[in-house]
1. Would a scan of segment 102-110 turn up a residue that is at pLDDT 95 or above, under 11 Å from the mean Cα position of the chain (by Cα) and of a type in the set (Asp, Glu)?
2. Output yes when any residue across segment 83-92 is touching a Ser or Thr at 6+ places or on another chain (Cβ under 6 Å), farther than 19 Å from residue 170 by Cβ and in contact (Cβ under 8 Å) with a residue 60 or more places away in the chain, and no when none is.
3. Regarding residue 60, is this residue at pLDDT 95 or above and assigned to a helix (DSSP H, G or I)?
4. Six or more apart or on different chains, Cβ atoms under 6 Å: show the pairs whose first residue is in segment 24-39 and more than 13 Å from residue 61 (Cβ to Cβ) and part of a helix (DSSP H, G or I) and whose second is aliphatic (A, V, I, L, M) and at pLDDT 95 or above.
5. Where in segment 66-163 are there strands (runs of 3 or more DSSP E), lying fully within it, with 2 or more residues that are surrounded by 15 or more Cβ atoms within 10 Å (Cβ to Cβ) and among the aliphatic types (A, V, I, L, M)?
6. Quick one: in segment 44-58, of everything that is surrounded by 21 or more Cβ atoms within 10 Å (Cβ to Cβ) and of a type outside the set (A, V, I, L, M, F, W, C), which residue is nearest to residue 126 (Cα to Cα)?
7. Under 7 Å between Cβ atoms, which residue pairs at least 6 apart in sequence (or on different chains) link something in segment 166-182 that is at positive phi and modelled with pLDDT of 95 or more with a partner that is outside any loop (DSSP other than H, G, I, E, B) and not small (Gly, Ala, Ser)?
8. Looking for whichever is crowded, with 17+ Cβ neighbours inside 10 Å, of a type in the set (A, V, I, L, M, F, W, C) and within 18 Å of residue 132 (Cα to Cα) here; the options are 31, 19. Which one fits?
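The values are calculated or read from the model by the stated rules, or taken from the named source; none is laboratory data. A quick note: this is a predicted structure, and the numbers were derived from the prediction, not measured. With ideal geometry, Cβ positions are generated from the backbone for all residues, glycine too; neighbour counts draw on all protein chains shown.
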Amino acid sequence: MSITAQHAQEVLDNADLCLGREQISQAVQRLAVQITEKYRHSNPLVLCVMNGGLIFCAELLVQLRFVLQYDYIHATRYQGATRGGQLDWIAESGISLQGRHVLIVDDINDEGLTLKAIVDHCKDKGAASVASVVMVEKQHQRRLGVEADYCGLSVPDRYVFGYGMDYKGYLRNLPEIYAVKE
């Protein structure tokens, strides 16, 4: 469903701020410390889940001061919609996962279905271990897939955007996280 830039601006103008820039920065720093403790000696392969994980992954990567490789994958259930459908694989990692410690980095864990599919895919490709880190997790009891191994912050059970997450293709670039006005 395509919308206009004007409509996206109206959504932003009426949205509720959920998480400010300082809260997000502190959460990323905390996650970097936890991940460094666990992975600093294991030469992990960090996989950014595009497009939503891009901003979070970039901010996290520059705080991981140890040897690692990174790449991206692109799997989505949304394709510009506000509700998820069937998982669509757009791109797989160009680096072999065989025998690697893989850390998946994504923007949000909602029901956990996309994350579960990505974790299963990495295991099927022979990863030695697979863990996941998400910037935010929605507060609800509908999780059908997996919980993230590392989570930055929680957001209410509303449609959220900003900091990599989009509203119908717009507003990913915001440094804060907002919820669409109910």
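1. Checked segment 102-110: at least one residue is at pLDDT 95 or above, under 11 Å from the mean Cα position of the chain (by Cα) and of a type in the set (Asp, Glu).
2. no
3. For residue 60, the condition - at pLDDT 95 or above and assigned to a helix (DSSP H, G or I) - is met.
4. Pairs that qualify, where the first residue is more than 13 Å from residue 61 (Cβ to Cβ) and part of a helix (DSSP H, G or I) and the partner is aliphatic (A, V, I, L, M) and at pLDDT 95 or above, are 27/153.
5. Answer list for segment 66-163: 69-76, 101-109, 129-138, 150-155.
6. 44
7. If the second residue must be outside any loop (DSSP other than H, G, I, E, B) and not small (Gly, Ala, Ser), the pairs left are 171/12; 171/161.
8. None of the other options fit; the residue is 31.
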